[in-house]
Every structure is written in C-alpha cells, then in structure tokens.
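Rule-based calculations on the coordinates, nothing more; no lab input. Remember, it's a predicted structure, so these values are computed and weren't measured experimentally. When we count neighbours, we look across all protein chains shown, and the Cβ atoms used for this are built from the backbone with ideal geometry, even at glycine.
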Amino acid sequence: MSDPVPVESTVLAVLEDVLGEPAASLRAQPVLAAHDWNSVASLEVLAQLESRLGVVLDLRSYHGVRTLDDLVRLVETVAMATPTAGRP
C-alpha cells in the first residue's frame, strides 16, 4: 500500500455519519458514551469501518473501546497488520 490509511479521518467521518455529531464535538468530548453510542450505533460504526477500511475488527476488542482515541488506536493497529487494508 503506497498511501497510509487515513484511519483517524475515516473513524471521525463514520462517527459523524452514524452519531450525527460534528468532528469538533467528538474531539471535545471523546468518550463515546457521551454521545448517542448504543448497541445499534456501535454495530453500524463497526460495519462501516470494516467496509471502508478493508479490516476485520475483533469484536471483544472493539466493544472494549471507550473513547475516540481508543477506537482510532484499535483500527490503526488492525489496519497496519492487514496488507490489503484501505484498498477497495
């Protein structure tokens, strides 16, 4: 892969779309539970991240994230370990 996967911007875009919150709000209050983070939103974010970035996230690790930064770190770790991540 020649270009790095834009993990943080993709995570923010997905969260903005699913939670209906602007990135500034998500950064100002990075705890996901402070937003409309529920089981449905969580699964929608998971599906979109896996689809957009070409990764498969461990469900137990995914459900362990509590903040925006936790989520970005998890996705970055998986994307770096996935040779085809970020490719259609």
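Listed values, structure above:
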read-out	value
Rg to Rh quotient for the chain, alpha carbon positions, Kirkwood Rh	0.94
Choice from SER42, SER25, SER51 showing the highest fluctuation, given a GNM over the chain with Cα pairs closer than 10 Å	SER25
Size of charge dipole - the chain - debye, nearest 20, with Cβ of Lys, Arg +1 and Asp, Glu -1, no other charges	180 debye
Residue among SER39, VAL11, MET80 farthest towards the positive dipole end of the chain, charges placed on Cβ	MET80
Projected label distance in nm at SER39 and ASP69, using a 7 Å step from Cα toward the beta-carbon	3.0 nm
Rel. contact order, % - alpha carbon contacts under 8 angstrom, at least six apart, the chain	36 percent
Net charge dipole size for segment 48-88 [Lys, Arg +1 and Asp, Glu -1 on Cβ; Debye, nearest 20]	60 debye
Residues whose placed amide H lies under 5 Å from that of THR67, excluding near-sequence neighbours	LEU32
Kyte-Doolittle mean at least 0.0 and Cα axial length at least 18 Å: DSSP H helices in the chain	39-53, 68-81
